Amino acid sequence: MDLADALDSAPTGERPRFDLAAAALVGGRCADCGATAWPARAVCHRCGGADVRLGAFARSGTLVSCTRVMVPRPGLEAPYMLGQVRLDDGPVVFGQILGLDDTEAVPCPVTVRVSAARYWFTPAGLPEPTGERQDETRVSSDETGG
């Protein structure tokens, strides 16, 4: 893909973000420099290359930072945990952390959980939560590369 094609591609908000069958986040990987981004970008944020390929990222990663939020927001009761997770083969992703005791050591291994139009992380080895999912958490990815 050349730069002209990249500029004509779907806007970031319309690119796939989830693979529900694989229960994974879908993002982009630059074929030129290997940088990753979630959600996928039309042009690599690191090298400016236009050959960015879509693919599912690993369902595992490492929680690198977290915070307990004490202020509720609509549809999300306080307290809740938010954190940054470096996916094993992808970017750093910001999202809600469920099932984490805020006294646990960071970094710690986590597992990505995905459902329709939302995702969250749980400590590795924790079973799938049932019936206690919070409302959708808006998230962003690390813009500095990965």
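The values are calculated or read from the model by the stated rules, or taken from the named source; none is laboratory data. Keep in mind that what you see is a predicted model, and the values were worked out from it rather than measured. Every residue, glycine as well, gets a Cβ built from its backbone with ideal geometry; the counts of neighbours run over all protein chains shown.
Would you check which residues across segment 47-66 are assigned to a loop (DSSP other than H, G, I, E, B) and either farther than 23 Å from PRO107 by Cβ or acidic (Asp, Glu) (or both) and list them? CYS47, GLY48, GLY49, ALA50, ASP51, listed by residue number. The numbered conditions (1) modelled with pLDDT of 85 or more; (2) closer than 21 Å to ARG17 by Cβ; (3) part of a loop (DSSP other than H, G, I, E, B) are all true for ASP32 except (2). Please tell me if VAL71 is in contact (Cβ under 8 Å) with a residue 24 or more places away in the chain and not charged (D, E, K, R). So VAL71 does not fit the description; no.
One line per residue, one yes/no per condition, for (1) over 18 Å from GLY28 (Cα atoms); (2) assigned to a strand (DSSP E or B); (3) modelled with pLDDT of 80 or more:
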site	(1), (2), (3)
VAL71	yes, no, yes
LEU82	yes, yes, yes
ARG86	no, yes, yes
THR103	yes, no, no
TRP120	yes, yes, yes
THR130	yes, no, no
VAL139	no, no, no
GLY145	no, no, no
